[in-house]
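First the structure, in the form of structure tokens, and then the observations on it.
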Amino acid sequence: MFGRSLYAVFAVMVLATACGGGQDSYDSVVDKAKNEKKLVIGVKADQPGLGLRTPDGAFTGFDVEVAKYVAKQLGVEPDGITFKETVSANREAFIEQGQVDLVVATYSITDARKQKVSFAGPYFVAGQDLLVRADDSSLTGPETLNGKKLCSVAGSTPAQKVKSEYAKEVQLQEERTYSACVDRVLGGQLDAITTDNVILAGYAAQHNGKLKVVGKPFSTEKYGIGLKKDDTAGRKAVNDALEKMFADGSWTKALQASVGASGFAVPQAPQLERY
Ligand code: GLU
């Protein structure tokens, strides 16, 4: 009996270590960064200009640059960062389970998500928009969605908005990633993709001439950096890092080099909303 329960405890410990990678035993991401000089950061892997995994396995984009800047302020060099792909639906769970220490993944700050995780930021403000085939002139805004086949991603705020406000008019297909939506619109099975304008601009640039962003944003998406719900010290440190990134010009530079390259007009840095 004793042996078996000891074995069970050991098995749980091994499992916890194997599944981990996140901050596990630390109260704050600040302590983990300081002691281990390592962080696991959740980013998107299929969003050009924001979070994109390149064929050699590296990650690029504005979110990745923000992640690197913040990590450095916490005492972690780029080679101490493990980037882990997150999709829209698993971000809260990855933070809650300690699979990642931070999420920097076009992650809108919402009250519903604040029940499970906390946010530093915002470090960018986007708006929900539509991406359609370049030769489609029938879709000019959310009011023209009637009878159209729309694609978005499960667990995202745009999908939620469509379900609550446009459910009667449109047929919504929910995919796991936005790149899956792009394939279905290019292939003609679906008519449009809805998500944040800045994400859509990246796909329009990637498929130059085939897709266009409608350009009438109909929501406000404030991007935050997700961390554990009770990590007040972490939130403060990440906000301090963002403030520095805005002030020293790195934020504008990173944005111009990534998102700006897709033709997206680079805005002013937003106001942080510390809490
Ligand atoms: N910003 C929105 C969200 O957090 C849409 C983008 C995404 O799914 O990552 O849900």
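General observations
- Pick from segment 75-112, criterion within 14 Å of the ligand (Cβ to nearest atom) and assigned to a loop (DSSP other than H, G, I, E, B), ranking: surrounded by the most Cβ atoms within 10 Å (Cβ to Cβ): V104
- Scope segment 35-48; condition of a type outside the set (A, V, I, L, M) and more than 17 Å from S108 (Cα to Cα); matching residues: N35, E36, K37, K38, D46, P48
- Per-region count, segment 177-220, residues part of a helix (DSSP H, G or I) and not polar (S, T, N, Q): 16
- Taking first residues from segment 59-81 that are within 11 Å of M245 (Cβ to Cβ) and partners that are buried (at least 20 other Cβ atoms within 10 Å of the Cβ) and aromatic (F, W, Y), the Cβ contacts under 6 Å between residues at least 6 apart in sequence or on separate chains come to V66/Y123.
- Residue count for segment 113-144, restricted to those that are modelled with pLDDT of 95 or more and outside any loop (DSSP other than H, G, I, E, B): 18
- Test: residue in segment 195-212 that is away from the ligand (no atom under 12 Å from the Cβ), polar (S, T, N, Q) and under 23 Å from F119 (Cα atoms): no
- Scan of segment 247-266 for residues that are part of a loop (DSSP other than H, G, I, E, B) and either surrounded by 18 or more Cβ atoms within 10 Å (Cβ to Cβ) or at pLDDT 95 or above (or both), ordered by number: D248, G249, S258, V259, F264
- Residue match in segment 180-191 (condition: of a type outside the set (A, V, I, L, M, F, W, C), in contact (Cβ under 8 Å) with a residue 24 or more places away in the chain and within 16 Å of the ligand (Cβ to nearest atom)): no
The values are calculated or read from the model by the stated rules, or taken from the named source; none is laboratory data. Note that the structure is a prediction, hence the values are computed from the model and not measured. When we count neighbours, we look across all protein chains shown, and the Cβ atoms used for this are built from the backbone with ideal geometry, even at glycine.
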